[in-house]
Amino acid sequence: METKSKVQKSHPLFQPQIATFKTMQSLWQIRESHSHKGTFGKVLLVGGSFRMQGALNMATKACFHSGCGTLTLFTPLSSAQAIAAKNDLAMIIASPQDEEGYFANDAYLSLLDIENYRVIGCGNGMGTKESGLPLLEKIIRSGALVVLDADGINLLAKYKEQLLALIDLRTKPVIITPHLMEFSRLTGIEVSQIQKDPLAIVHAFCLQHPNLIVVLKSETTLISQAQKQDYCINRPDSALAKGGSGDVLCGIICGLSAWIANPFHAAVLGAFAHNQAAVGTLSPVAFTPLDLIENLAQVFAKLDHQINSK
């Protein structure tokens with residue numbers, strides 16, 4: 001109760017705004033016709049491994065379908081070969097790998113020109129080996145907007161003292177997209193305790209780390225940043241309860257962040273579009289994360305139409 005009262009006092013906008021097409025109107029940004037690929041930003045996605053290249057591949061497709069100008073992948077050699085065989089949407093930089101197909105200890109040395117990217121997403125399928133730490137540190141030290149998902153969050157939790165200190169020093173925010181268990185690892189608070197009052201706990205964490213934008217994924221998703229109006233997506237859908245859905249969400253947020261000026265708005269819109277892309281499925285049983293990507297165009301077209309018809 002003490003934490004909750006402190007959060008309410010520090011955060012006057014304690015009641016979240018429900019995300020609907022109407023409430024998304026003020027966040028959506030129209031793309032200028034007179035533009036080019038540079039207008040819409042360069043994205044770098046860092047992740048993948050021999051065992052989990054599919055996670056990065058799904059994030060890649062979702063990112064490109066969410067409007068970025070150009071997209072580059074930095075991934076271990078075996079993952080790079082597998083993705084190159086089935087995905088033509090991204091440029092690929094193959095990283096040195098260890099004997100298991102994860103990033104090698106010196107992989108970060110091969111990540112050049114890091115300051116050329118507007119957005120860097122990290123974590124999908126990369127594993128949590130210690131060899132990923134210097135790579136993640138290099139990304140956090142960059143001047144790009146950073147999006148951490150999956151093993152990027154797990155590495156952050158594993159080395160949270162040093163990595164959160166780096167995040168607190170950044171000028172641009174870091175967007176994290178944890179599910180409840182990942183957020184529990186990061187905060188040290190049991191899942192059952194988080195479920196009792198997720199908004200208060202997210203607030204307390206965001207107030208400690210103002211550079212973080214938290215997208216807490218669950219049946220009801222919360223999007224929060226210190227001193228900002230929270231948003232809530234309250235449309236549970238079992239079609240999203242499948243491996244790979246989170247990788248698609250990460251890709252959507254990275255793609256939108258490349259061209260939507262406000263990172264918090266990009267995070268809210270990304271979570272909303274991800275949820276809406278599952279609406280109307282004939283069967284949640286047969287629905288896949290690839291169907292989410294296929295349906296994004298309908299969601300974005302509806303947002304464009306609502307703005308243009310004002």
>> Quick check on my filter: what residues within the range 229-257 are assigned to a loop (DSSP other than H, G, I, E, B) and touching a helix residue (DSSP H, G or I) at 6+ places or on another chain (Cβ under 6 Å)?
In response: R235, G244
> If only one of V191, V279 is touching a helix residue (DSSP H, G or I) at 6+ places or on another chain (Cβ under 7 Å) and more than 30 Å from G38 (Cβ to Cβ), which one is it?
Replying inline: V191
> Within the range 256-282, how many residues are over 23 Å from Q229 (Cα atoms) and modelled with pLDDT of 95 or more?
Replying inline: 3
>> Being at pLDDT below 95 and in contact with an Asp or Glu (Cβ under 8 Å, 6 or more places away or on another chain): is that true of L222 here?
In response: no
>> Restricting to the range 260-292, and then to whatever is among the aromatic types (F, W, Y) and buried (at least 21 other Cβ atoms within 10 Å of the Cβ), can you tell me which residue is farthest from K22 (Cα to Cα)?
In response: F287
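Okay, residues lined up against (1) among the charged types (D, E, K, R); (2) assigned to a helix (DSSP H, G or I); (3) surrounded by 18 or more Cβ atoms within 10 Å (Cβ to Cβ):
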| site | (1), (2), (3) |
| --- | --- |
| G152 | no, yes, yes |
| A165 | no, yes, no |
| I175 | no, no, yes |
| S192 | no, yes, no |
| C206 | no, yes, yes |
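Listed here are the residues, each with its yes/no results for (1) closer than 20 Å to V248 by Cβ; (2) modelled with pLDDT of 95 or more.
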| site | (1), (2) |
| --- | --- |
| I30 | no, no |
| F40 | yes, yes |
| L44 | yes, yes |
| S49 | yes, yes |
| K61 | yes, yes |
| H65 | yes, yes |
| S95 | no, yes |
| L111 | no, yes |
| N116 | no, yes |
>> Under 9 Å between Cβ atoms, which residue pairs at least 6 apart in sequence (or on different chains) link something in the range 24-46 that is farther than 22 Å from S142 by Cα with a partner that is surrounded by 12 or more Cβ atoms within 10 Å (Cβ to Cβ) and of a type in the set (D, E, K, R)?
In response: W28/D304; I30/D304; R31/D304
>> Testing H203 on (1) at pLDDT 95 or above; (2) over 16 Å from the mean Cα position of the chain (by Cα), one condition comes back false. Which one is that?
In response: (1)
>> Tally up the residues in the range 43-52 that are outside any strand (DSSP E or B) and buried (at least 24 other Cβ atoms within 10 Å of the Cβ), please.
In response: 3
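The values are calculated or read from the model by the stated rules, or taken from the named source; none is laboratory data. Everything numeric in this text was worked out from a predicted model, so none of it was measured. Ideal geometry is used to build each Cβ from the backbone, glycine not excepted, and the neighbour counts take in all protein chains shown.
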